[in-house]
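Below is the structure I would like to discuss, written out as C-alpha cells.
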Amino acid sequence: MTAASMLSSCSMNVGVSNPKMASKASACCLLNRPMSCSKSILSCGLFGISEKSKLLCRASALHVESVPSFSVGQKFQFDDVIEAQQFDRETLSAIFEVARSMENIRNNSSGSQMLKGYLMATLFYEPSTRTRLSFESAMKRLGGDVLTTENAREFSSASKGETLEDTIRTVEGYSDIIVLRHFESGAARRAAATANIPVINAGDGPGQHPSQALLDVYTIEREIGKLDGIKVGLVGDLANGRTVRSLAYLLAKYRDVKFYFVSPNVVKMKDDIKEYLTSKGVEWEESSDLLEVASKCDVVYQTRIQKERFGENINLYEEARGKYIVNKDVLKVMQNHAVVMHPLPRLDEIEVEVDSDPRAAYFRQAKNGLYIRMALLKVLLLGW
C-alpha cells in the first residue's frame with residue numbers, strides 16, 4: 001500500500017471531521033504518536049488514541065478499537081482540563097488509579113520514558129512555585145521535556161500587547177500540551193478554544209484551579225479513607241480563592257458531604273458556589289466560629305487572604321488578615337482522624353507549630369500534586 005493510501009485510510013478510520021485537520025491526523029498515525037491530533041480526531045474521544053488503535057491505523061485496518069468511556073451521563077471529551085465541573089465520580093476514580101501508579105514510577109529510580117518526545121509548555125502569567133514545578137517535574141519524570149516561562153505577563157510578548165489567543169497559537173506550534181496560569185478568570189477557556197493541542201488550567205485569576213482540586217480530593221481520600229459522608233471546613237479567603245471553588249465543585253459529586261464556610265465578611269464564599277451546592281442537594285453552613293467547626297470536621301481546609309486581589313483596598317485586606325488562624329487551640333478540638341490542609345503558600349494563617357502534628361497534611365498534599373499532574377499528562381497525551 002502506498003503512503004498516500006495509508007494517509008487516506010488513516011484519516012477516514014479515525015473520523016476526522018475537519019478536512020483541514022486530516023493531514024495532521026494522518027501524519028499523527030504514521031508517526032505512531034497522538035501529538036496535536038488529540039483535539040482533531042473525534043474517535044480519540046476521552047483520552048486520545050489507544051496504542052492498539054494506533055497500530056491498527058498504521059496497518060490500514062478498517063476500524064479503530066473503541067476507547068472505554070468513564071463518563072456518566074453527558075459525554076465528556078477529555079481534550080482539556082479547564083474546570084472541576086468536567087469530572088464525574090467515575091472519571092475521578094480512574095484518574096486517582098493512574099495517580100497511584102505514578103507514585104510507583106516516582107519511587108522507581110529509573111523513572112519512565114512514556115512521554116519521551118513530547119514537549120510541554122508552561123505559560124504562567126502569575127507567580128507559582130508548586131504548580132509550575134510539579135507540572136515540570138511530572139513531565140520530566142515521564143520522559144518528556146519542558147518549555148517554560150514563569151512570568152509571561154512581564155517577560156513575554158504580552159508586555160507588548162499581544163493577545164492571549166495569538167500567544168496560544170504561537171506556543172502550540174512549539175509544544176504538544178500547554179499548562180496555563182493567567183490572572184483573568186476565563187482565560188483558560190479562551191486558550192482551549194483557540195488551541196489544537198490540550199490545555200490545562202493551572203489557575204485563572206479568582207476562577208478555578210482544577211488540578212489543585214484533583215490533588216485535594218486525592219489527598220482527602222488517602223488521608224481520611226473516604227469521600228462520601230465527610231464534613232469539610234473551608235476557611236479564609238473564600239471569595240478570591242480559586243482552590244476552594246474548584247474543591248467545592250468536585251466534592252459536590254460525593255454523597256452526604258457537608259461544607260462549613262468560615263471567613264471574614266469581606267471575603268465570604270460567593271453566591272454562585274452556594275447556589276450550585278444547593279442545586280446538587282449538598283448541605284452548607286456559614287459560621288464565624290472556627291473552633292466549633294474544627295471540632296466537627298474531617299478536613300479543615302485553610303487558605304491565605306490573597307492580598308493581590310484587593311488592589312488599592314489595603315484596608316479591607318488588613319481587616320480580613322489574621323482573623324482565622326489554625327494553631328494549637330484548633331488542633332486540640334479536632335478529631336484524631338481529621339486533617340489540616342492548605343493549597344500553599346501560607347503566611348501566618350497556620351502557625352509553624354502545627355507542622356509537627358501528624359494531622360498537618362499540607363506538605364503531603366503538595367507532594368500528591370506531582371502524582372495527579374503526572375496522571376493528567378499521561379491521559380491527555382497517551383490515553384488511559
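The values are calculated or read from the model by the stated rules, or taken from the named source; none is laboratory data. Computed from a predicted model, the values in this text were never measured in an experiment. We place every Cβ from the backbone using ideal geometry, glycine too, and count neighbours over all the protein chains shown. Side chains included, ligands, DNA and RNA excluded: accessible areas come from the protein's heavy atoms. Shrake-Rupley method; radii C 1.70, N 1.55, O 1.52, S 1.80 Å.
Please determine whether any residue of the stretch 115-131 is part of a helix (DSSP H, G or I) and either at negative phi or in contact (Cβ under 8 Å) with a residue 40 or more places away in the chain (or both).
Within the stretch 115-131, one or more residues are part of a helix (DSSP H, G or I) and either at negative phi or in contact (Cβ under 8 Å) with a residue 40 or more places away in the chain (or both).
Moving on to the next point. Within the stretch 222-253, which residues are among the basic types (Lys, Arg) and over 19 Å from the mean Cα position of the chain (by Cα)?
Selection gives Lys226, Lys231.
Right, something else. Which members of the stretch 341-369 meet the condition of being among the aliphatic types (A, V, I, L, M) and more than 20 Å from Gly225 (Cα to Cα)?
Selection gives Leu344, Leu347, Ile350, Val352, Val354.
Determine whether Leu142 is closer than 22 Å to Pro210 by Cα, among the aliphatic types (A, V, I, L, M) and at pLDDT below 95.
No.
Any residue at all in the stretch 281-288 that's in contact with an Asp or Glu (Cβ under 8 Å, 6 or more places away or on another chain) and over 30 Å from Asp88 (Cβ atoms)?
Scanning the stretch 281-288 turns up no residue that is in contact with an Asp or Glu (Cβ under 8 Å, 6 or more places away or on another chain) and over 30 Å from Asp88 (Cβ atoms).
Surrounded by fewer than 16 Cβ atoms within 10 Å (Cβ to Cβ) and modelled with pLDDT of 95 or more: is that true of Pro345 in this structure?
When the stated conditions are applied, Pro345 does not pass them.
Another question, then. Quickly run through the stretch 103-140 and pick out the residues that are polar (S, T, N, Q), open to solvent by 20 Å² or more (accessible area, probe 1.4 Å) and within 22 Å of Asp80 (Cβ to Cβ).
Answer for the stretch 103-140, where residues must be polar (S, T, N, Q), open to solvent by 20 Å² or more (accessible area, probe 1.4 Å) and within 22 Å of Asp80 (Cβ to Cβ): Ser128, Ser137.
Related question: Given the options Ala360, Ala338, name the one that is touching a helix residue (DSSP H, G or I) at 6+ places or on another chain (Cβ under 6 Å) and modelled with pLDDT of 95 or more.
Answer to the check: Ala360.
Whether any residue in the stretch 238-253 is open to solvent by 50 Å² or more (accessible area, probe 1.4 Å) and touching a strand residue (DSSP E or B) at 6+ places or on another chain (Cβ under 7 Å) is what I want to check.
no
Let me ask another. Among (1) crowded, with 18+ Cβ neighbours inside 10 Å; (2) in contact with a Ser or Thr (Cβ under 9 Å, 6 or more places away or on another chain), there is one condition Phe259 misses while meeting the rest; what is its number?
Just one mismatch for Phe259, condition (2).
Name every residue in the stretch 191-226 that is out of contact with any Ser or Thr (no Cβ under 6 Å at 6 or more places or on another chain), open to solvent by 10 Å² or more (accessible area, probe 1.4 Å) and under 19 Å from Val300 (Cα atoms), in order of residue number.
Glu221, Arg222, Glu223, Ile224, Gly225, Lys226
Okay, moving on. When the stretch 291-312 is examined, which residues are found to be in contact with a helix residue (DSSP H, G or I) (Cβ under 6 Å, 6 or more places away or on another chain), open to solvent by 10 Å² or more (accessible area, probe 1.4 Å) and either modelled with pLDDT of 95 or more or outside any loop (DSSP other than H, G, I, E, B) (or both)?
Answer for the stretch 291-312, where residues must be in contact with a helix residue (DSSP H, G or I) (Cβ under 6 Å, 6 or more places away or on another chain), open to solvent by 10 Å² or more (accessible area, probe 1.4 Å) and either modelled with pLDDT of 95 or more or outside any loop (DSSP other than H, G, I, E, B) (or both): Leu291, Ser295, Asp298, Lys307.
For Asn315, which of the numbered conditions (1) buried (at least 16 other Cβ atoms within 10 Å of the Cβ); (2) out of contact with any Lys or Arg (no Cβ under 8 Å at 6 or more places or on another chain); (3) part of a helix (DSSP H, G or I); (4) not β-branched (Val, Ile, Thr) fails to hold?
(1)
Output the number of residues of the stretch 348-384 satisfying the condition of being open to solvent by 40 Å² or more (accessible area, probe 1.4 Å) and over 11 Å from Thr219 (Cα atoms).
Residues meeting the conditions: 8.
Can you pull out the residues in the stretch 101-129 that are more than 20 Å from Leu247 (Cβ to Cβ) and charged (D, E, K, R)?
Within the stretch 101-129, Glu103, Arg106, Lys116 qualify.
Contact list please: Cβ distance under 7 Å, first residue in the stretch 349-378 and farther than 20 Å from Ala84 by Cα, second residue assigned to a helix (DSSP H, G or I), pairs at least six apart or on different chains.
Filtered contacts from the stretch 349-378: Glu353/Lys328; Val354/Leu331; Asp357/Leu331; Arg359/Leu331; Ala360/Val354; Ala361/Thr219; Ala361/Glu223; Arg364/Thr219.
So, of the residues in the stretch 73-102 that are in contact with a Leu (Cβ under 9 Å, 6 or more places away or on another chain), farther than 21 Å from Gly186 by Cα and in a helix (DSSP H, G or I), which turns out to be most open to solvent (accessible area, probe 1.4 Å)?
Looking at the filtered set, the residue picked out is Arg89.
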